[in-house]
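First up is the structure itself, then whatever we jot down about it.
The values are calculated or read from the model by the stated rules, or taken from the named source; none is laboratory data. These figures come from a predicted structure and were not determined experimentally. Here the Cβ positions follow ideal geometry from the backbone for every residue, glycine too, while neighbour counts run over all protein chains shown. SASA here: full protein model, heavy atoms, side chains in, ligands and nucleic acids out. Shrake-Rupley method; radii C 1.70, N 1.55, O 1.52, S 1.80 Å.
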Amino acid sequence: CLFMKQIKRPPISVQYASVSDIGGRKTNQDDTGIANYGKRQLFVVSDGAGGHAGGAIAARLAVEAALIAFQHSAELELDEIVMTCLHAARRSILTQQVKLPDMQDMTATIVIVVLDLQMRKASVLHLGDSRLYAFRRGRTVHITRDHSLVQGLIDVGMWPAERLLEHPQRSVLYGALGSEEEPDPAMLEIEHLDLRDGDALLLCSDGWWESVST
């Protein structure tokens, strides 16, 4: 008779850093946030979209709202947490659009990751062209797909992926925080990652991935 005993793995240990650089642009509209709650961790990157007035404000609102939402939902399932954070970020921007008439066009992209350190799992949700990259043993094993015009053309075979940066409308998004229309449910598909020791996750705006080939 064999008795099977589940061996409980120790929580995964995480080291993280946040970097923001204006690069070659006149302004930097990126914002980042990190929060911890027990064995759960939240990481979020938001980028003011399209150069619209108030992009930096929109990004800051999105991050702050996500951080607050995480503190109130961190005990839920991972998928519920990331969805709660995204909708809180969207509501925050829409609310401020009404209060600040000069900022009615402000929008932002977002990418959210919530880790369960004990279960060694992550849930990922994004809107727009801020991305998550996952690396394992020096190789890229996962990249989120942009909610953009050019990505749509690539998906249907009308534009080659290797020439993404050459398209004159590469910055046109069909998903971003701040739009009055509810996001298409297809854009709110949560992605799941099983984490291993040595994995690396990179959350970034287009200011990074447009400059670095992978």
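Pairing residues of segment 75-93 that are farther than 14 Å from H126 by Cα and among the hydrophobic types (A, V, I, L, M, F, W, C) with residues that are open to solvent by less than 50 Å² (accessible area, probe 1.4 Å) and part of a helix (DSSP H, G or I), at Cβ distances under 7 Å and at least 6 apart in sequence or on separate chains, gives I93/A58; I93/L61; I93/A62.
Residue by residue, here is whether (1) open to solvent by 20 Å² or more (accessible area, probe 1.4 Å); (2) modelled with pLDDT of 90 or more; (3) polar (S, T, N, Q) holds:
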| site | (1), (2), (3) |
| --- | --- |
| Q104 | yes, no, yes |
| T107 | yes, yes, yes |
| L115 | no, yes, no |
| L125 | no, yes, no |
| F135 | yes, yes, no |
| W159 | yes, no, no |
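All conditions but one from (1) out of contact with any helix residue (DSSP H, G or I) (no Cβ under 8 Å at 6 or more places or on another chain); (2) closer than 17 Å to D129 by Cα; (3) assigned to a strand (DSSP E or B) apply to I34; the one that does not is (2). Considering segment 90-138, the residues that are out of contact with any strand residue (DSSP E or B) (no Cβ under 7 Å at 6 or more places or on another chain) and acidic (D, E) include one that is nearest to G178 (Cα to Cα), namely D105.
Could you tell me whether any residue of segment 55-66 is buried (at least 17 other Cβ atoms within 10 Å of the Cβ), closer than 25 Å to L195 by Cα, out of contact with any His (no Cβ under 9 Å at 6 or more places or on another chain) and aliphatic (A, V, I, L, M)? Yes, segment 55-66 has at least one match.
All of S20, S13, S46 fail the test of being hydroxyl-bearing (S, T, Y), farther than 19 Å from V82 by Cα and at pLDDT 85 or above, apart from S13.
Filtering segment 70-102 to residues that are among the small types (G, A, S) and either surrounded by fewer than 18 Cβ atoms within 10 Å (Cβ to Cβ) or over 24 Å from D30 (Cβ atoms) (or both) leaves S73, A74.
Can you name the residue in segment 61-99 that is in a helix (DSSP H, G or I), acidic (D, E) and more than 15 Å from T109 (Cα to Cα) and, of all such residues, is farthest from the chain's Cα centre (by Cα)?
Filtering segment 61-99 down to residues in a helix (DSSP H, G or I) leaves 61-73, 78-99.
Still in the running and acidic (D, E): 64, 79-80.
Imposing the further condition that a residue be more than 15 Å from T109 (Cα to Cα) reduces the set to 79-80.
Values: D79: 14, E80: 15 Å.
By that ranking, first place goes to E80.
Among the residues of segment 41-60, those that are of a type in the set (A, V, I, L, M, F, W, C) and assigned to a strand (DSSP E or B) comprise L42, F43, V44, V45.
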